[in-house]
1. Using each residue's phi in segment 75-88, evaluate 6.51 cos²θ - 1.76 cosθ + 1.60 at θ = phi - 60° and report the 3J(HN,Hα) Karplus result to the nearest Hz, with x for Gly and Pro.
2. With θ set to phi - 60° and the Karplus curve 6.51 cos²θ - 1.76 cosθ + 1.60, what are the ³J(HN,Hα) couplings of segment 30-43 in order, to the nearest whole Hz, using x for Gly and Pro?
3. How large is ³J(HN,Hα), in whole Hz, for each residue of segment 54-63 in order, when computed from phi with the Karplus curve 6.51 cos²θ - 1.76 cosθ + 1.60 and θ = phi - 60°, using x for Gly and Pro?
4. For LEU87, list long-range residues whose amide hydrogen, built 1.01 Å from N in the peptide plane, is under 5 Å from its own amide hydrogen.
5. In which sequence would LEU37, LEU48 go, from the one with the fewest C-beta neighbours within 10 Å to the one with the most?
6. Among residues other than MET81 whose Cβ falls under 12 Å from its Cβ, what is the net charge (Lys/Arg +1, Asp/Glu -1)?
7. Sticking with the crude label model, points 7 Å out along Cα→Cβ, report the distance from SER69 to ASP21 in nm, one decimal please.
8. What shape does segment 19-84 have by the C-alpha gyration tensor, where a ≥ b ≥ c are the square roots of the eigenvalues, rounded means a/c under 1.5, and otherwise prolate means a/b greater than b/c and oblate the rest?
Amino acid sequence: MEHDIIQQRDCPSETGTMTFDQLDFATFCIGCVSDALHLNQRDVYDKLYESGILDGYIVKAYPYLHTLSSENITKELIDCMKFKGVLE
C-alpha cells in the first residue's frame, strides 16, 4: 500500500516533474547502461544528464521506452549517447 502512495507523488526534474515510475525507470536505465559499458553508475548518470538524454529522452519517451526489452533499451541509449558525443 505504501508503494501506491509513493507512485502518486511527483519528483523534481530538469523539465518539470517526473512520476515515481519514470524515476524508477531512469534508475533502471542507468544501471543497464552502466553494466553494458563497465562504467560506474555515477559516470553514466553524469553523461546522460549533461547531454540532456536523461530528461530530454529517458523521461519524455518513458511511455515508449519502458515497453522495450532491457537489451533494446540499453542499445538505444548507448546509440543515443554516441550520437550526442558523450561516448566514442
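Values quoted throughout were computed directly from the atomic coordinates according to the rules given, and no laboratory measurement underlies them. What you see is a predicted model, and the numbers here were worked out from it, not measured in a lab. Note: ideal-geometry Cβ built from the backbone for every residue, glycine included; neighbour counts use all protein chains shown.
1. Per residue, the Karplus-derived 3J(HN,Hα) values read 4, 4, 6, 5, 4, 5, 5, 5, 4, 6, x, 8, 9, 8 Hz.
2. Those phi angles translate into 4, x, 4, 5, 4, 5, 5, 9, 6, 10, 6, 5, 5, 5 Hz.
3. 4, 7, x, 10, 4, 6, 5, 9, 3, x
4. Counting only residues 5 or more places away or on other chains, the set is LYS82.
5. On the way: LEU37 16, LEU48 24.
Fewest-to-most ranking of LEU37, LEU48: LEU37, LEU48.
6. Working: positive: LYS47, LYS75, LYS82, LYS84; negative: ASP43, ASP46, GLU50, GLU76, ASP79, GLU88.
Charge balance in the 12 Å sphere: -2.
7. In this crude label model, SER69 to ASP21 measures out at 2.3 nm.
8. Numbers: a/c = 1.33, a/b = 1.24, b/c = 1.08.
Rounded, since a/c falls under 1.5.
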